[in-house]
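A.B. asks: Structure provided below as structure tokens; questions to follow.
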Amino acid sequence: MEQEIKSKFDAEIIRYGAALYDISAEELTSIGGSMNFVYEYSKNGHQFILRFTPTEHRSMDLVKGELDWLLYLHHNGLSVSVPVESTKRNLVEYVHIKDSSFIVASFVKAKGEAVSYPDCLHDHKLYYKCGAAVGKLHALSRAYTPSTTTIQRNEWQHNFYLKNMHRFIPSNQAKVTLGCTNTISLIKKELPIDAKSYGLTHGDIHVGNLRVNESGITLFDFDDAQYSWFIDDIVTPMYYLVYVYGGDDGREMRESQAARFMKHFMQGYTLENAIDDYWFTKIPLFLRLREIIVYIGMYKNHPALSQLNQWGKDYIAEAKIRIEQGIPIVDIWN
């Protein structure tokens, strides 16, 4: 989170937002967040999430679009963390105090077990379950229309990080910025758009945004939901499973991880949705796009990089070279 936004988020905002859901600030437990301030709380024996979104990051209509999408998925049988009403019977609230404005929403906390590193790196059942959930999401996306046109989510090129690359990438990294714009331009120029391959996606699937149970998984945190190619939603969880292996020594491990992920993920995915083989040849291009988003996000959250551990510093150095040269983090498809 940017420091200027952190400075605006004070106790008064928290108290006011909590009161909208008939709880006190003392009942909230912070659980972090990069684009939002996120808390959990208990009420009537159930667990919930309370989220404060800075208006610098999202508009009210964008948040309404996220919730409309969530409810559509829920009503059509996908396991997601659904929004709940405030005391005013609204799914989304606006809080403005002094010079601070935040959009507040609450969700049922996803049930199931959290999965983390390194366990997720060899969990083939997880990949299968994730594939089935994402396949169903994409199948439902093909039939989805927002309830009103004003709340439609953004297209992929208007992703917060891509729009703000010049703000967060250091000004002395001109080659990185050029690499970013070249990749974005190539995607715009080269890829076809049709209803079978393009639609509303989750936008940020990884093990931190899902919970696992015997029957499948529950997806949450649709804050990055955007219109994009469905292959983008497949590449994203793969990226977060391969980027942990750094350096030349990690190349074989990245390739092995990518192959294992795709094998088991697609076994689940194809139960729910079909995707043309053409899109597998575009995986390297979308790996480049995801790396750009992660790279920008690292600088957004750690401008001086001083708070990064050694892995983070090594990752930044390696990603910088790949972005400049237009190289994907792994390529076993061409």
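None of the figures in this text is laboratory data; all of them are computed from the coordinates on show. As the structure is a computational prediction, the values presented were derived from the model and not from experiment. Don't worry about glycine lacking a Cβ; one is built from the backbone with ideal geometry, like all the others, and counts go over all protein chains shown.
A.B. asks: Over 10 Å intervals from 0, what percent of Cα-Cα pairs in segment 3-108 sits in each interval?
C.D. replies: 14, 49, 31, 5, 0
A.B. asks: Going by how many other beta carbons lie within 10 Å of each one, how would you line up Val63, Val82, fewest first?
C.D. replies: Working: Val63 26, Val82 17.
The order, fewest Cβ neighbours first, is Val82, Val63.
A.B. asks: Given contacts defined as C-alpha pairs under 8 Å and at least six residues apart, what's the relative contact order of the chain, whole-number percent? Walk me through the intermediate numbers first.
C.D. replies: Working: 507 pairs, mean separation 64.4, N = 334.
Relative contact order here is 19 percent.
A.B. asks: If neighbour count is taken as other Cβ atoms inside 10 Å, put His57, His74, His202 in order from fewest to most. List each step's numbers first, then the result.
C.D. replies: Details: His57 19, His74 15, His202 29.
By the 10 Å Cβ count, ascending: His74, His57, His202.
A.B. asks: What's the extension gain from Tyr94 to Ser24 if we count 0.36 nm per residue and subtract their Cα-Cα distance? Write down the numbers at each step before the final one.
C.D. replies: Working: separation 70, 0.36 × 70 = 25.20 nm, distance 1.76 nm.
Full extension of this stretch gives 23.4 nm more.
A.B. asks: Note down the net charge around Val207, summing +1 for each Lys or Arg and -1 for each Asp or Glu among other residues with Cβ under 12 Å from its Cβ.
C.D. replies: Spelling it out: positives minus negatives among the neighbours equals -3.
A.B. asks: Segment 150-235: percent of C-alpha pairs farther apart than 17 Å? Can you show the working numbers first?
C.D. replies: Numbers: 2188 of 3655 pairs.
Within segment 150-235, distances greater than 17 Å cover 60 percent of Cα pairs.
A.B. asks: Dividing the alpha-carbon Rg of segment 185-304 by 2.2 N^0.38 Å yields what? Working shown, then result.
C.D. replies: Details: Rg = 15.0 Å, N = 120, 2.2 N^0.38 = 13.6 Å.
For segment 185-304, the normalised Cα radius of gyration is 1.10.
A.B. asks: Sorting Arg254, Arg167, Arg15, Arg89 on the 10 Å Cβ count, fewest up front, what's the list?
C.D. replies: Arg89, Arg167, Arg15, Arg254
A.B. asks: Also, I was wondering about something else. What does the charge count near Ala258 come to, summing +1 for each Lys or Arg and -1 for each Asp or Glu among other residues with Cβ under 13 Å from its Cβ?
C.D. replies: Surrounding charge for Ala258 is +2.
A.B. asks: So, one more: Structure shown: which of Lys282/Lys320; Lys129/Lys320; Lys125/Lys300; Lys129/Lys300; Lys6/Lys188 lie over 23 Å apart, alpha-carbon to alpha-carbon? Provide the component values of the computation, followed by the final result.
C.D. replies: Numbers: Lys282/Lys320 21 Å; Lys129/Lys320 33 Å; Lys125/Lys300 34 Å; Lys129/Lys300 32 Å; Lys6/Lys188 35 Å.
Result: Lys129/Lys320; Lys125/Lys300; Lys129/Lys300; Lys6/Lys188 exceed 23 Å.
A.B. asks: Still on this structure, please answer the following. Could you state the principal axis extents of the C-alpha atoms in the chain, from the largest down, to the nearest angstrom?
C.D. replies: On the principal axes, the chain reaches 55, 47, 39 Å in Cα extent.
A.B. asks: Can I get the semi-axes of segment 258-334's equivalent ellipsoid? Compute them from the C-alpha gyration tensor as square roots of 5 times the eigenvalues, in angstrom, largest first.
C.D. replies: Values: eigenvalues 176, 39, 24 Å².
That gives 30, 14, 11 Å for the three semi-axes.
A.B. asks: Something else: With n ≥ 4 as the cut-off for DSSP H runs, can you work out [θ] at 222 nm for the chain, using -39500 (n - 2.57) per run divided by the number of residues, rounded to the nearest 500? Please list the in-between numbers first.
C.D. replies: Numbers: 11 runs with 139 residues, N = 334.
Helix-only estimate at 222 nm: -13000 deg cm²/dmol.
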